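Scroll down for the structure; my scribbles are underneath it.
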Amino acid sequence: MKVMEDRLSPFRVEQTTLAHLRASFVRRGVAVLTEPALKPACWRELCEEARRQRSEAAWHLFAQKNPTEISQDNMRAFLGPAARKLLSSSSTQSFLYAVTNISLAPSWSASCFTYYDVPGSYMGEHCDKYNECRIAMLIYLDAQWSEKRGPGPGIKLYVFEGDSSRTPLAATVTSYPNRIVILDGANRAHVRPPMAEGERLFMLAGCFRLVT
Ligand SMILES: [Fe+2]
């Protein structure tokens, strides 16, 4: 695979792929850089950091039936230096600009590692906060599912055309390890259904704000 010039390293993306990602983002508000989206060393480092943060510094995020909060049940952890370095790199800014045509900077308060690692873990329908997460870059780090059944609904992100699930479905993205999703999540409702038995997923949820 011919990898795009070093300017975008460690993202593994060719010029023609960038054009497809841009077209997809314009058309449906979501662009998927398929696996392996990051060079293996970078992906492994993020996986290790996420696992470390899960065991040392994670917290449970649980909310249900509270109209002021997003309904969800999952684990979160702050980013470590490897994730921060990647999100704040010029490669990330260039990559996001090429796909979204928006100048973006990381929003640290809204970015985190997210873990769906027990059956029933989920993320309810929501739109991201416009000021804190104008654009999201989701890096799926590791995922497991039943070999017999294949990835169930919990291993998929459902993205809608508008600001609620009453609008048509724009995309369904399976969360394969080392896959990246760039999402206009402030304008497009999205949801991750509950994990089934034997399913697990952890990811880097990067949020970006407009550069003013
Ligand atoms: Fe979101």
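Bear in mind these aren't lab numbers, they're just calculated from the coordinates by the rules spelled out. Since the structure is predicted, the reported quantities are computational estimates derived from the model, not experimental observations. We place every Cβ from the backbone using ideal geometry, glycine too, and count neighbours over all the protein chains shown.
By count of other Cβ within 10 Å, fewest leading, how are T68, T174, T16, T114 ordered?
Listed from fewest to most nearby Cβ atoms, that is T68, T16, T174, T114.
With each label point set 7 Å from Cα along the Cα-Cβ vector, what nm distance links E147 and R28?
Computed distance between label sites E147 and R28 equals 3.0 nm.
Under a Cβ-Cβ cut-off of 15 Å, what is the net charge of the residues other than T100 that fall near it, where Lys and Arg count +1 and Asp and Glu count -1?
+4
Sort R7, R134 so the one with the fewest other Cβ atoms within 10 Å of its own Cβ comes first.
Ranked by crowding around the Cβ, least crowded first: R7, R134.
Calculate for the chain the 222 nm mean residue ellipticity that helices alone would give, adding -39,500 (n - 2.57) per DSSP H run of length 4 or more and normalising by residue count, nearest 500 deg cm²/dmol.
-7500 deg cm²/dmol, from helical runs alone.
Around V118, under 9 Å between beta carbons, what's the net of Lys plus Arg minus Asp minus Glu among the other residues?
Taking every other residue near V118 into account, the sum is -1.
Rounded to two decimals, what is the ratio between the C-alpha radius of gyration of the stretch 6-210 and 2.2 N^0.38 Å?
Expressed relative to 2.2 N^0.38 Å, the Cα Rg reads 0.95.
For F202, F62, what ranking results if the residue with the fewest other Cβ atoms within 10 Å of its Cβ goes first?
F62, F202
With the crude spin-label approximation of a point 7 Å out along Cα→Cβ, what separation in nm comes out for E35 versus D163?
Going by the 7 Å Cα→Cβ label model, 3.5 nm.
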